[in-house]
Amino acid sequence: MKVEKKPSLSFLNWGITAIIVFSISFSIVLSSCEKTGVLPQFSSLKISIHHVIDTEDLELFPIQYMNESGNTYSVTDMKYYVSSIKLTKQNGDIYFDQQIHYIDIKKTNSLSFVLDSIEPGKYIKIEFDLGIDSVRNQTGFLLNTVDNLNMAWPVSMEGGYHFLKFEGKYNINSVPYGFAFHLGKSKAIIHYEINLNKGLYYWNEELILKHDLNEWFKTPSNYNLEVDEPYIMNSDSLINVIRQNGFDAFSL
Amino acid sequence: MKSVVCILSIFLIALSCKKDGQIEPVETLTFVSLEAPVNFPEIQLNNSNPLSIEGIELGRKLYYDTILSSTGKSCSSCHLQTSSFTENTSNSQSHVNLIWNQYFLRNGQIEGTLEDAMLFEVESFFHTDISKLNQDPLYPKLFKKVFGKTEITSKEVAFALAQFLSTLISSNSKFDSYLKGQTMLNSSELNGLDIFLTERGDCFHCHSVGLMGDNSFHNIGLDLTFNSLNWGRYAVTMNEVDKGKFKTPSLRNVEFSGPYMHDGRFSSLEEVVEFYNSGVQVTAYTDPIMTKPGKEFGLQLSNQDKIDLVNFLKALTDTSFLNNTKFSNP
C-alpha cells in the first residue's frame, strides 16, 4: 500500500516564510524602479471615446433627448473616422499616429484604440482630425472592408469617404421624422486641439475623450430640425454649418 | 470558376500512417485562394477550412444532393442557380457573395462564418442523418480525401458546403464593367444610377457599391405594426430599436431573385420601386434615411425615374454567374 506523506508543519512554515520574503523583495524592487526613474523605453496610450448627450450616457432608443432648439430626438447611428492624432510633449516633441480609426457606436471594439511606441514624458496637447486628410480621402484609398465601403462617399459627389454619419429621429407633434448629418468632401474635415496635462510613462495608459452629440446642434448655429434641412449631404453650405457646430463636440 | 483566380498550385501530399507505421501518400489536394473583385471587401478566409478544388467539388455535390434531408430536398431545391440561387415559392435568400457575410438569415440569427451558417443548416434545418452519408458508397472516400477523416460528422458536411458557397461570387455585371470603364450604361441606366447614388433615391446608403448590401439591418418602413412575423432583428436581440429590421439583401442579380422583402410581398422590381416611391410607412422604428421631410411617404420619383431605376437594377445582372457551369448540378 502506498502511503502519502503529509507535509510537516515546519515545512509549511518554511514555505510561507519564503513566499513572504519573496513578495517583500519583489515590492522593494518595483518601488525602487519608480523612485529611481527606471522607465519603460516606450509608453502606450489607449484612447477611449465616450459618447454622451450633455452629461448623460448615450442610449439609442427611444426619442428622449432635447437639443438647443427644443427638438426632441434620438440617435440611431454615429459612425466616423478619427485620424492624424498628434500628441505634443512638454518639451515640444511630437508623437504622430498615421492611422485612420473607424468609430461606430454600435461596435464596442471600435470605441477604443491603442497608440503605441510613445516616448515617455509629460504631454500637454492632443490634436486629431474628424475625417480624413485630402491626400488620403480618395475613393479606394482605404482597405476595402465592409465598414469602409459602407462609408464611401459617391464618386459622383467628389468621392472619398463619409467623415461622419450622425443619424437619428425627431418628433413633430409625436410623428417621428429622420435626420442624417453626413459630413464628407475634404474641406469638411474638422481639426481638434485639446490641452492635456498627462504623463505617459508606462504601457496601458488611458485617455478618455468625451464626444457630446448634442454639440452638433449648437454653437455657433442653433440647428432646428423642424426648420432647417435635416438631410445635409447634398448641400455644401449645410455641411459647413454642421461642421462648424462640431468643433466643440470633443473634450476630455 | 472566375472567382478562383489564384490557384496556388500547392499540392499537399497528405500522409497517413499504416498500422505497421509505414507512411504512404494517399491523397493529393489542390488548394486554392479567393481574390476579392474590384470594389469588394477583402476576403477573410477561414483558416480552419482551407479551400481546395476537391473540397469545393464535394460541397457542390452535397449542395445538389437530397441525401442531406429526409424530405427529398436538397439545398438546390430552394436555391436555383437561374434565380441567383433563390426560389420563388419559398422566397429563399440568395446564395450570392455569402463569403462576405457576418450575419445569416434575414434576422441575422446566425452570426459568424459561412461554416457556422452551414452547420446550422445541416443540424437544425435539414436535421441531416449523418449515418446515411457514412454508409454511402462514395461519400466516405470523398470526405476522407478532403478532411482526412474516415468518419463523417456534421462539421465536415458544413465545411464542404461552406467551401462551395464561398465560391459563389457574382461580380461581373454590366455595372461592374461600367465601373471599370469597359462598358457604357445607356441614358436610362445612368439616370437610374444617379437616383441610386444620390439623395434622390438614397439607395447607396444601405446598398453600398460592391456588395450592393451593407451587412447590416434596417427597418425600411414596410409595416405600421409589429408582431412575431415581422419582428426581424428584434427577435434575436430583443432590443426595441431593432423592431422591423431585416438584413439588407444584396442587389446582385436582383432581377432574378424575386419575390422581394422578407415576406415576398412584392413580385416585381416595379412594385419594389413603387413601394420606395410612395408606400413607406413611418413609425418610430423606420430608418431615418427613409423619412426625409417632403419624402416621408416615398421618393416621389417621376414615372420615367422609376423606369430608369429599375433599368439600373437590371444592370446588376451577372449572366456569367447565373450560367456558370461550375456552380451547377455536377
**OP:** Please report, in debye to the nearest 20, how large the charge dipole of chain B is about its Cα centre when each Lys and Arg carries +1 at its beta carbon and each Asp and Glu carries -1 there.
**Re:** 560 debye
**OP:** Just grab the label-to-label distance for A:D54 and A:V114, each label 7 Å out from Cα along the Cβ direction, in nm (one decimal).
**Re:** 3.8 nm
Subject >> Dipole of the protein assembly as shown, positive direction: furthest Cα of B:S267, A:I85, B:T128, with charges on the beta-carbon >> reply: B:T128
Original post:
B:S70 to B:E151: extension gain in nm, 0.36 nm per residue of separation minus the Cα-Cα distance?
Top reply: 27.1 nm
Subject >> Listed residues B:H79, B:S328, B:V209: farthest to the positive end of the dipole of chain B (Cβ charges) >> reply: B:S328
Original post:
What's the center-to-center distance, using Cα atoms, between the range A:75-130 and the range B:267-330 in Å?
Top reply: 39 Å
Original post:
Could you give the length gained on full extension between A:H191 and A:Q138, defined as 0.36 nm per residue of separation minus the Cα-Cα distance, in nm?
Top reply: 17.2 nm
Original post:
Using a 1.4 Å probe, how large is the accessible area of A:V135, given in Å² and rounded to the nearest 10?
Top reply: 110 Å²
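Accessible area per residue for the range A:53-173 in Å², computed with a 1.4 Å probe and the full protein assembly in place, what is it?
Details: 5050 Å² over 121 residues.
Result: 42 Å² of accessible area for each residue.
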**OP:** First compute the accessible area of chain B with a 1.4 Å probe, then give the percent of it belonging to carbon and sulfur atoms.
**Re:** 53 percent
Original post:
Magnitude of the Cβ-charge dipole of the protein assembly as shown, K/R +1 and D/E -1, about the Cα centre, nearest 20 debye?
Top reply: 1580 debye
Original post:
Given the pairs A:K210/B:K292; A:K79/A:K107; B:K73/B:K132; A:K46/A:K122; A:K107/A:K210; A:K107/A:K187, which are separated by over 19 angstrom at their Cα positions?
Top reply: A:K210/B:K292; A:K107/A:K187
Original post:
Of A:M233, A:S48, B:T225, which is farthest along the charge dipole of the protein assembly as shown in the positive direction, counting Lys and Arg as +1 and Asp and Glu as -1 at C-beta?
Top reply: A:S48
Original post:
Could you give the length gained on full extension between B:Q300 and B:I43, defined as 0.36 nm per residue of separation minus the Cα-Cα distance, in nm?
Top reply: 88.7 nm
**OP:** With θ set to phi - 60°, apply the Karplus curve 6.51 cos²θ - 1.76 cosθ + 1.60 along the range A:201-217 and write out the HN-Hα couplings as whole Hz, x wherever there is a Gly or Pro.
**Re:** 10, 10, 5, 6, 5, 9, 10, 9, 9, 9, 10, 8, 5, 5, 5, 5, 9
Original post:
Under a 5 Å amide H to amide H cut-off, with H placed in plane at 1.01 Å, what residues pair with A:G178 once short-range neighbours are removed?
Top reply: A:Y170, B:T291
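Sum up the lysine pairs in the range B:136-191 that clear both bars: alpha-carbon distance under 24 Å and a spacing of 8 or more or different chains. Working shown, then result.
On the way: B:K141/B:K149; B:K141/B:K155; B:K144/B:K155; B:K145/B:K155.
The number of close lysine pairs in the range B:136-191 is 4.
The values are calculated or read from the model by the stated rules, or taken from the named source; none is laboratory data. As the structure is a prediction and not an experimental result, all values here were calculated from the model. No Cβ is skipped: glycine too gets one built from the backbone with ideal geometry, and neighbour counts run over all protein chains shown. In case anyone asks, the SASA skips ligands and DNA or RNA and just uses the protein heavy atoms, side chains included. Shrake-Rupley method; radii C 1.70, N 1.55, O 1.52, S 1.80 Å.
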